[in-house]
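Quick notes on the structure that follows.
The values are calculated or read from the model by the stated rules, or taken from the named source; none is laboratory data. Everything numeric here is computed off the predicted structure, so don't read it as measured data. Quick reminder, even Gly has a Cβ in these numbers, built from the backbone with ideal geometry, and neighbours come from all protein chains shown.
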Amino acid sequence: MENNRAKKMYDYHVWANQKLIQHLKQLPDRIYNETVNSVFSSISEVLIHLYATDITWLETMKGSSFHDTVREVDRRKTEASRASIDELKVFYDSLSNEFYHFFAENQDPERIIITEHPKYGRCEFILADLIHHVVNHGTYHRGNVTAMLHQQGERGVPTDYVYFLFEC
């Protein structure tokens with residue numbers, strides 16, 4: 001899946017998450033866990049949600065059952081919920097390596113992913129569409145973090161796709 005748009009979008013997702021985490025590491029420690037009156041109660045909760053959701057979609061892409069996916073997400077989310085920002089960066093890096101390993105083994109971005117969901121039943125997705133969903137979801141929640149930083153009197157960091165393109 002080396003030269004396709006879906007992988008490039010995932011590259012952007014990794015880049016943007018790294019930019020955000022690097023930015024957060026430069027701020028006072030309290031910012032990461034401070035309670036904020038927002039969609040999430042803290043920036044750490046947003047990042048853990050994003051991490052857990054990325055695991056959910058990777059497991060779906062890999063063909064894991066719904067119940068196995070829930071167990072894996074719960075296990076890894078529990079580990080991440082106790083993590084410092086430095087430790088969370090390691091979790092994110094490891095997860096992105098898992099995605100890249102999956103992409104290396106699954107070269108066809110048009111491959112159909114079939115899954116069973118207890119509420120939605122049998123679902124069919126195109127791999128590239130799921131990758132785009134992961135990226136779009138990440139962009140949405142990085143925006144939440146930027147808003148929460150502003151609420152705490154801090155600046156965000158630009159992670160728009162065009163900034164990624166400027167660096168490529």
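Just one of the listed residues (Leu58, Leu24) is assigned to a helix (DSSP H, G or I) and either free of Cβ contacts under 8 Å to residues at least 12 places away in the same chain or under 18 Å from Glu154 (Cβ atoms) (or both), namely Leu24. The residues of the range 119-141 that are farther than 18 Å from Ile55 by Cβ and not in a helix (DSSP H, G or I), listed by number, are Lys119, Tyr120, Gly121, Arg122, Glu124, Ile126. Restricting the range 147-168 to residues that are among the hydrophobic types (A, V, I, L, M, F, W, C), part of a helix (DSSP H, G or I) and within 18 Å of the chain's Cα centre (by Cα) leaves a set whose member that is farthest from Arg5 (Cα to Cα) is Met148. Restricted to the range 27-55, and to residues there that are aliphatic (A, V, I, L, M) and not in a loop (DSSP other than H, G, I, E, B), the residue that is surrounded by the most Cβ atoms within 10 Å (Cβ to Cβ) is Leu47. Checking the range 37-60 against the condition returns a match, with at least one residue being in contact with a strand residue (DSSP E or B) (Cβ under 6 Å, 6 or more places away or on another chain) and within 17 Å of His101 (Cβ to Cβ). When residues in the range 6-26 are screened for being surrounded by fewer than 15 Cβ atoms within 10 Å (Cβ to Cβ) and under 13 Å from Asp93 (Cβ atoms), 1 of them pass. Quick check on my filter: what residues within the range 94-136 are touching a residue at least 24 places away in the same chain (Cβ under 8 Å), aliphatic (A, V, I, L, M) and surrounded by 14 or more Cβ atoms within 10 Å (Cβ to Cβ)? Within the range 94-136, Leu95, Ile113, Leu127, Ala128, Leu130, Ile131, Val134, Val135 meet the criteria.
With respect to the conditions (1) outside any helix (DSSP H, G or I); (2) surrounded by 14 or more Cβ atoms within 10 Å (Cβ to Cβ), Asn144 falls short on a single one, namely (1). Taking the conditions (1) out of contact with any helix residue (DSSP H, G or I) (no Cβ under 8 Å at 6 or more places or on another chain); (2) crowded, with 17+ Cβ neighbours inside 10 Å in turn, Ser65 satisfies each one other than (2). Based on this model, can you work out whether Asn3 counts as at pLDDT below 95, under 18 Å from Gly153 (Cα atoms) and surrounded by fewer than 17 Cβ atoms within 10 Å (Cβ to Cβ)? No: the conditions fail for Asn3.
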